[in-house]
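The values are calculated or read from the model by the stated rules, or taken from the named source; none is laboratory data. Just so it is clear, the structure is predicted and the values come from calculations on it, not from any experiment. Cβ atoms come from the backbone with ideal geometry, glycine included; neighbour counts cover every protein chain shown.
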Amino acid sequence: MIEFSYQPATRLSDAEREAALVDPGFGKVFTDHMVSISWSREEGWHDAKVMPYGPISMDPAASVLHYGQEIFEGIKAYRHPNGDIVTFRPEANARRLNESAARLALPELPEELFVRAIEELVRVDEQWVPKNEDQSLYLRPFMISDESFLGVRAAEKARFLVIASPAGPYFTGGVKPVSIWLSTDLARAGRGGTGAAKCGGNYAASLLPTRVAQQNGCAQVLFTDTATEDQIDELGGMNLFLVRNDGSLITPALNGNILDGITRRSLIQLAKDRGLTVDEREVTVSEWREGAANGTITESFACGTAAVITPIGALKSEAGTIVDFGDAAPGALTMSLREELTGIQFGTVADPHNWVHQIVAANGATA
Ligand code: PLP
Ligand code: COI
């Protein structure tokens, strides 16, 4: 197992940190340290360190800057009422990082090294894990190719980093229903592309339609397949669920174009534990529109690590409003699944599937 070296940072004072934790927003404030692990074809993974958070230097010819060979993850650390600090299903993120790595021709990172990197950072910056309700420490593990070479081929050098950012709700306004925007002409993924990988390029492709969405008062873009412009894939940074009036749920099947969300997977399990039916299948905008109009589809929500579960109040497009749940949003099942999942994560609800991974024990000992 690789040993981590430790280069201590000059920490923010307690008062400065507390001030930063009052209303951190999402992704704006960063903790004192970060993790870095280097990789090269000859040496494999090496030089693992916990070091001061700060700018990284790289050669202007580093391949990530030209060809976007980059992947990332999103995972949170939560403070429990008893003082424990935990994370949620980290091995699932580790596995997904490696699936993304395979697609982007980046090196695999041993799963235990991924989990260890998260643990090291959370332990050293544990005071940054918020105590306030609805806040957590968002961790952003990512991998970049940093070989200086302009030929277009997979890099022979890479670097894995983890940074951490205290976070409140992703959408300003808390758990209020959001409107989402149907993007028809602009896509983020297509057959054989990188839609199922968590790579920066997918998000770059979503920025223009997201700007259009925002100009139209919407918080996220809904992407469909490019052929029919009707079959739903997912949102720019979240998976989608629809709820039917019989209590069953529908979510687009993993079709190679969408991310295998860990929140999605967890909600499918929690719904099944309740005896609910979850259909993972093709879902269309037409079905959503008709179902919302005739009352068979009663709720919809977006889910992801950053978004947790966010109710969707309306779906809009250039052609006008397609779905409007009005006063019916947020729906009851949406909110009860949200409470159950966040209860497990924050330690107020039993964790029957052992999803919670302890990092710091309440008595101050490391787990
Ligand atoms: N889909 C996309 C495109 C995402 O960026 C995310 C966020 O990570 C998700 C879905 C949800 O995935 P997870 O629940 O693992 O955070
Ligand atoms: C996450 O939920 O971790 C994501 O990466 C999505 C993004 C909207 C921040």
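Picking from Cys218, Cys199, which residue would you name as being touching a Ser or Thr at 6+ places or on another chain (Cβ under 9 Å), within 13 Å of ligand 1 (Cβ to nearest atom) and either touching a residue at least 24 places away in the same chain (Cβ under 8 Å) or among the acidic types (Asp, Glu) (or both)? Full working, then the answer.
Values: Cys218 fails: within 13 Å of ligand 1 (Cβ to nearest atom).
Result of the check over Cys218, Cys199: Cys199.
Anything in segment 250-271 that is surrounded by 21 or more Cβ atoms within 10 Å (Cβ to Cβ), more than 15 Å from ligand 2 (Cβ to nearest atom) and farther than 20 Å from Ser179 by Cα? List them, or say none.
Here is the first cut: in segment 250-271, the ones surrounded by 21 or more Cβ atoms within 10 Å (Cβ to Cβ) are 250-252, 257-259, 261-264, 266-267, 271.
Those left that are additionally more than 15 Å from ligand 2 (Cβ to nearest atom): 250-252, 257, 271.
Listed by number, the residues that qualify are Asn257, Ala271.
Test Ala292 against the criterion of being at pLDDT below 95, surrounded by 17 or more Cβ atoms within 10 Å (Cβ to Cβ) and of a type in the set (A, V, I, L, M), and give yes or no. Working first, answer last.
Values: at pLDDT below 95: no; surrounded by 17 or more Cβ atoms within 10 Å (Cβ to Cβ): yes; of a type in the set (A, V, I, L, M): yes.
Here the answer is no, as Ala292 does not meet what is asked.
Kindly indicate which of Ile312, Ile344, Ile359 is part of a helix (DSSP H, G or I) and surrounded by 20 or more Cβ atoms within 10 Å (Cβ to Cβ). Explain how you work it out, then say what you get.
Details: Ile312 fails: part of a helix (DSSP H, G or I); Ile359 fails: part of a helix (DSSP H, G or I).
Only one candidate qualifies: Ile344.
Would you list the helices (runs of 4 or more DSSP H) that sit entirely within segment 44-131 and hold 1 or more residues that are outside the structural domain of Gly304 (by TED's automatic domain parsing), among the charged types (D, E, K, R) and within 24 Å of Gly27 (Cβ to Cβ)? Walk me through how you get there before you give the answer.
On the way: elements: 63-67, 90-103, 111-124.
It comes to 90-103, 111-124.
Does at least one position in segment 315-322 carry a residue that is at pLDDT 95 or above, of a type in the set (Val, Ile, Thr) and under 19 Å from the mean Cα position of the chain (by Cα)?
The answer is no; no qualifying residue exists.
From Asp279, Asp246, which residue is surrounded by fewer than 22 Cβ atoms within 10 Å (Cβ to Cβ), away from ligand 1 (no atom under 16 Å from the Cβ) and assigned to a strand (DSSP E or B)? Spell out the reasoning first.
Numbers: Asp246 fails: assigned to a strand (DSSP E or B).
Answer to the selection: Asp279.
Mind telling me which of the residues Leu106, Leu97 ends up being within 16 Å of ligand 2 (Cβ to nearest atom), crowded, with 21+ Cβ neighbours inside 10 Å and at pLDDT 95 or above?
Working: Leu106 fails: within 16 Å of ligand 2 (Cβ to nearest atom).
It is Leu97.
So how many residues does segment 200-232 have that are surrounded by 19 or more Cβ atoms within 10 Å (Cβ to Cβ) and under 22 Å from Gly173 (Cβ atoms)?
Qualifying residue count for the region: 9.
If we keep just the residues of segment 179-196 that are at pLDDT 95 or above and touching a strand residue (DSSP E or B) at 6+ places or on another chain (Cβ under 9 Å), which is nearest to ligand 1 (Cβ to nearest atom)?
The extreme case among them is Gly195.
Among the numbered criteria (1) touching a residue at least 12 places away in the same chain (Cβ under 8 Å); (2) away from ligand 1 (no atom under 11 Å from the Cβ), which single criterion is violated by Asp260?
Failed condition: (2).
Report, ordered by the first and then the second residue, all pairs with beta carbons closer than 6 Å, sequence separation of six or more or different chains, a first member in segment 146-157 that is touching a residue at least 12 places away in the same chain (Cβ under 8 Å), and a second member that is loosely packed, with under 13 Cβ neighbours inside 10 Å and assigned to a loop (DSSP other than H, G, I, E, B).
What qualifies is Ser148/Asp59; Ser148/Ala61; Leu150/Ala61; Ala154/Ala105; Glu156/Arg41.
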